[in-house]
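Asks: Quick one: this structure, given as structure tokens, is what I'll be asking you about.
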Amino acid sequence: MNTSHSFAQQDTEKYSSAITLSDMEIFIFPELLYSLLLANIMSPRIWAWRDDPWFDGLEKMNPYRRILRLKQFIMDQYEFNLDLDTWGLTQKDRELERFRGIVDEDTLRQSNALFGYEGDKYYFDIDIRRHFGLDKYTSDIIPYWKTETIEAMDAFQFREGYRQGAGECVSLSTLYAAALFVVAGIPLEDIYLIATPLHSQNFVDVKEGILTNNRRIVTKNMWFNGTELTYKAQRAIRNEQITIVAHNSGYIHSVYPEASINPEAYRQFQDRLNAFLVTDINAEIMANFLRQESRLQTCFQVMGTCHGKTRYIPAERLYAYEHNSPYRVSDHTREKLICEIDEDEFYPEPIPGRVAMHMFEEFFKQHKINLSKAEDLERLRTQFVCNNTRSDEILEKLIDFCRIDPRYPDAEKEKTFVSRPAIALTTEMDRHEIIDYLESIRATHPIADLAFYAYRDMNRCDWTPFLNAAMDRNPVCIEATDTLDDTAMVECLTQLDEHSIYDGPRLAQPDEVWNFQRGDGLEKAVTLATVWHHRHPDDTIILNVANDIATLKYGRHETTWPTDKGLTYEAVLAGD
């Protein structure tokens, strides 16, 4: 039985956007971020993980250990993908016309690098279009960065050049959040989804806090370890405006005046994330800081013992040896690192004009530095005396390393909080209970309603948004078959593997069918309709699904394929 809607323009775009889920669509319709999370929670794929031997004994572990276990599973199963060719290209003017009356170009520029957003100086310096490989196109061409469901992520194993599942950052963040709930048993109220214009990640309120970042997780200790991986993980929160914070109680958006997140939950999130993003300065943090700020290492030296004698080594030489060693400058393994180094790297006397790092260990035992107190910072600055007279620069960068002040959507300024019941899922519910609950609140909860469209269950959804998305926003199958004549194109679709990437009455979009070279007969029929309409825009196209047969009438032609989706439907997709 199909659920019927009467769609206004904004609803039409919102509900069809729940099918394609591009990054731009999620910015414009922030409800979609949590809807995708719920779609993944409903998926049997994630629930099947609970039976994997990798998770044996998970219930005996504490939450932090469960999250670590989950992290390794995701790292082993998925790759990060940001290939521009995956979901094809579109044009700025075309997308702006879609959303005319819903959002203007100036607003869109606040979120999307491809519409002019450059974030902080970092993004200006790297030339954002060149960074993403868009410099080979005109400035009007932009990619469809579509977010994948877990089914589409898993299907990358069928795509040439991939050996396992894959997805872009929003896909990975919503997959992580769903798995944290379903597999690791983390309550939804402890999971916050964070979207910035160029990234998506989650903050998990466990212990001191955990950030998911693509396939990895970052603990507070890791956040301040000064490694290249951590520096990359910091870029979004360090350099960008946080656009959306989504939670089971609702969401808040940096642009829209209305917010539905529970104000107390939002304050809790800010307090916990702020605490995660700041650390006290001590000798270990100093050493981590210099690992990241390698230019400043020339101001420092390290003292160690070699063959029973005190020796000194330039800091940059010691850090260079870290790359091929399990030992670190910043922790208790430093002496073991020093013992690995040839004696001719050392000096018998302190190196003139360099700050001795070992002096900081004693300094921090005697002085606790408060980053908010000018006198504490001045006391610390006096320790950075070197020939390069860079004490001010060292202190400025050290403070920046130890404290990040994120740019949140402002809850105090021109925001109206709309009270709405939270999505009340619990870790004790099974999958069927969750689906029944979400079904029961669809009429009053838009995020739950949209979740079924992201889930693609055509027995529970109006077909119009799915077909609009299929016919209008699937350029890959059109371009990939461009060199084939009509007959060869139909035969090519016929020869594809007949299995859908989705179970039951759920349907793949045409570009999913093409990218993963497989599809049920009904999915092939919709793909054929998409390509044919592009080639012959004046032809009438009629889709009929009944008795396990999908029939497409297009122009003077008719093609049938078997389907096991169990659906019944008929519609004119194009023409009279």
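The values are calculated or read from the model by the stated rules, or taken from the named source; none is laboratory data. Predicted model only: the values in this text are computed from it and were never measured. Here Cβ is always computed from backbone atoms with ideal geometry, including for glycine, and neighbour counts include all displayed protein chains.
Asks: Only one of (1) touching a residue at least 40 places away in the same chain (Cβ under 8 Å); (2) closer than 19 Å to L380 by Cα fails for Q297. Which number is that?
Replies: Just one mismatch for Q297, condition (1).
Asks: Using the structure shown, decide if E393 is touching a residue at least 24 places away in the same chain (Cβ under 8 Å) and in the same structural domain as Y231 (by TED's automatic domain parsing). Reasoning before the result, please.
Replies: Values: touching a residue at least 24 places away in the same chain (Cβ under 8 Å): yes; in the same structural domain as Y231 (by TED's automatic domain parsing): no.
No; evaluated as a whole, the condition is false for this residue.
Asks: I'd like the full set of residues that are within 38 Å of the chain's Cα centre (by Cα) and either of a type in the set (S, T, N, Q) or not assigned by TED's automatic domain parsing to the domain that holds R291 (or both), limited to the stretch 327-382.
Replies: Of everything in the stretch 327-382, those that are within 38 Å of the chain's Cα centre (by Cα) and either of a type in the set (S, T, N, Q) or not assigned by TED's automatic domain parsing to the domain that holds R291 (or both) turn out to be S330, T333, N370, S372.
Asks: On to the next question. Would you confirm whether any residue within the stretch 380-395 is part of a loop (DSSP other than H, G, I, E, B) and aromatic (F, W, Y)?
Replies: First, the residues of the stretch 380-395 that are part of a loop (DSSP other than H, G, I, E, B): 382-390.
The next check asks that each one be aromatic (F, W, Y); those that pass are 384.
Scanning the stretch 380-395, I find at least one residue that is part of a loop (DSSP other than H, G, I, E, B) and aromatic (F, W, Y), so the answer is yes.
Asks: Here is a follow-up. Specify the residue that is farthest from the chain's Cα centre (by Cα); the eligible residues are those in the stretch 15-30 that are of a type in the set (S, T, N, Q) and surrounded by 24 or more Cβ atoms within 10 Å (Cβ to Cβ).
Replies: Within the stretch 15-30, the first condition is being of a type in the set (S, T, N, Q), and the residues that meet it are 16-17, 20, 22.
From what's left, surrounded by 24 or more Cβ atoms within 10 Å (Cβ to Cβ): 17, 20.
Numbers: S17: 17, T20: 16 Å.
Per the criteria, the residue is S17.
Asks: Exactly one of (1) farther than 20 Å from V302 by Cα; (2) touching a residue at least 24 places away in the same chain (Cβ under 8 Å); (3) charged (D, E, K, R); (4) not in a loop (DSSP other than H, G, I, E, B) is unmet by K368. Its number?
Replies: (4)
Asks: Which of the following residues is crowded, with 18+ Cβ neighbours inside 10 Å, under 25 Å from R50 (Cα atoms) and within 19 Å of the chain's Cα centre (by Cα): L198, L193?
Replies: Numbers: L198 fails: under 25 Å from R50 (Cα atoms).
From the options L198, L193, the qualifying one is L193.
Asks: Being of a type in the set (K, R) and farther than 25 Å from I423 by Cα is the filter here; which residues of the stretch 151-210 pass it?
Replies: Going residue by residue through the stretch 151-210, those that are of a type in the set (K, R) are 159, 163, 207.
Within the stretch 151-210, R159, R163 qualify.
Asks: Regarding I281, is this residue surrounded by fewer than 20 Cβ atoms within 10 Å (Cβ to Cβ), in a loop (DSSP other than H, G, I, E, B) and of a type in the set (V, I, T)?
Replies: On the way: surrounded by fewer than 20 Cβ atoms within 10 Å (Cβ to Cβ): no; in a loop (DSSP other than H, G, I, E, B): yes; of a type in the set (V, I, T): yes.
Taking the combined requirement at face value, the residue does not satisfy it.
Asks: I've got another one for you. Could you tell me which of the residues E151, E160, E208 is within 17 Å of L37 (Cβ to Cβ) and out of contact with any Gly (no Cβ under 7 Å at 6 or more places or on another chain)? Write out each step before concluding.
Replies: Details: E160 fails: within 17 Å of L37 (Cβ to Cβ); E208 fails: within 17 Å of L37 (Cβ to Cβ).
Testing whether each residue is within 17 Å of L37 (Cβ to Cβ) and out of contact with any Gly (no Cβ under 7 Å at 6 or more places or on another chain) leaves just E151.
Asks: Against the definition (assigned by TED's automatic domain parsing to the domain that holds F181 and either surrounded by 19 or more Cβ atoms within 10 Å (Cβ to Cβ) or not aromatic (F, W, Y) (or both)), how does A469 come out, yes or no? Before the answer, list the steps.
Replies: Values: assigned by TED's automatic domain parsing to the domain that holds F181: no; either surrounded by 19 or more Cβ atoms within 10 Å (Cβ to Cβ) or not aromatic (F, W, Y) (or both): yes.
So A469 fails the test.
Asks: Examine the stretch 206-219 for a residue that is in contact with a Lys or Arg (Cβ under 7 Å, 6 or more places away or on another chain), assigned by TED's automatic domain parsing to the domain that holds A451, on the phi > 0 side of the Ramachandran plot and not aromatic (F, W, Y), and state whether such a residue exists.
Replies: Looking through the stretch 206-219, at least one residue is in contact with a Lys or Arg (Cβ under 7 Å, 6 or more places away or on another chain), assigned by TED's automatic domain parsing to the domain that holds A451, on the phi > 0 side of the Ramachandran plot and not aromatic (F, W, Y).
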